[in-house]
Amino acid sequence: MTMKLTKLHKNNYKMSTWSGGETTEIYLFPIQGTYDIGKFDFRVSTANVQLEKTVFTVLPGYKRLIMSLDQPLTLNHIHNQRREKVLLIPFESHYFLGKEQTESIGKCTDFNLIYKEELAGELKAYRHKESLSISSNQKYIIFALKELIIDFYQGVEKVKSCHLYNNDTIVLEKVAKRYQLLLIGQERAEIPIAVVASVV
């Protein structure tokens with residue numbers, strides 16, 4: 001295939017604690033970067049929020065997308081002394097600026113994409129037998145919520161299959177052609193089986 005595919009497992013991730021619980025860094029680009037302002041282009045992570053109320057780290061120069069993977073989540077954004085309240089249901093993504101003062105209400109496991117302001121990002125959950133089109137110049141990070149198979153197609157021809165277990169990730173980059181990906185769950189459940197973050 002005309003792309004670079006990297007598979008990551010749980011032992012490849014970086015786990016740490018923060019004021020609200022535990023966080024797991026799934027992927028950071030560039031790989032030699034660090035999670036410091038100006039030292040990375042984008043970061044994909046999950047967080048286990050263990051407190052009822054937490055305050056997010058302010059990240060000027062970055063944009064953010066967040067999604068709860070299990071429980072409803074309330075976010076309060078503070079803009080120039082004004083407070084904006086956002087209610088999120090599980091697997092609904094929400095965009096906001098990293099420079100905003102933001103607090104979250106509710107315990108959950110969330111999924112995060114943080115990326116530089118000059119980049120564009122997307123965060124979406126996929127269910128059994130949903131398809132995804134990928135194209136050049138973008139990077140895709142596909143995180144498995146459940147065991148699944150990803151079939152890669154060019155037109156009607158299947159050119160590759162990739163088997164992921166729960167919490168596995170594949171990173172797709174240097175995509176030179178357009179592909180159609182079909183995500184096939186092993187349990188045929190109605191809840192999402194994968195979360196896909198893309199950055200360009």
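Every number in this text was worked out from the coordinates using simple rules, so none of it is lab data. Only a predicted model underlies this, so the values are computations on that prediction, with no experimental measurement involved. Please note: Cβ atoms are built from the backbone with ideal geometry, for glycine as well, and neighbour counts cover all protein chains shown.
Annotations for the structure displayed:
- In a simple Cβ point-charge model (Lys, Arg +1; Asp, Glu -1; nothing else charged), the chain has a dipole of about 380 debye relative to its Cα centre.
- Euclidean distance between Cα centres, the range 138-200 to the range 28-48, Å: 22 Å
- Over all pairs of different C-alpha atoms, the range 7-116 has a mean inverse distance whose reciprocal, the Kirkwood radius, equals 14.3 Å.
- Placing +1 on the Cβ of every Lys and Arg and -1 on the Cβ of every Asp and Glu, with nothing else charged, gives the range 7-116 a dipole about its Cα centre of roughly 220 debye.
- For the range 75-169, the share of alpha carbon pairs falling in successive 10 Å distance bins from zero is 11, 36, 31, 16, 6, 1 percent.
- A simple count of charges around Val58, restricted to other residues whose Cβ falls under 10 Å of its Cβ and scoring Lys, Arg +1 and Asp, Glu -1, yields 0.
- Once you divide the Cα radius of gyration of the range 121-199 by 2.2 N^0.38 Å, the number left is 1.01.
- Which of Tyr13, Gln81, Val199, positive extreme of dipole for the chain (C-beta unit charges): Val199
- Per-residue packing, averaged as other Cβ atoms within 10 Å, sorts the ranges 174-181, 6-13 into the order 174-181, 6-13, beginning with the highest.
- Total formal charge among the other residues, if their Cβ is under 14 angstrom from that of Tyr165, Lys/Arg +1 and Asp/Glu -1: 0
- Fraction of the pair-distance distribution of the range 2-43 above 14 Å, Cα-Cα pairs, percent: 59 percent
- By average C-beta atoms within 10 angstrom, highest first, the peptides 187-193, 24-30: 24-30, 187-193
- For Leu132, net neighbour charge (Lys/Arg +1, Asp/Glu -1) across residues whose Cβ lies under 12 Å away: +1
- Net dipole in debye of the range 126-200 [+1 Lys, Arg Cβ; -1 Asp, Glu Cβ; about Cα centre; nearest 20]: 240 debye
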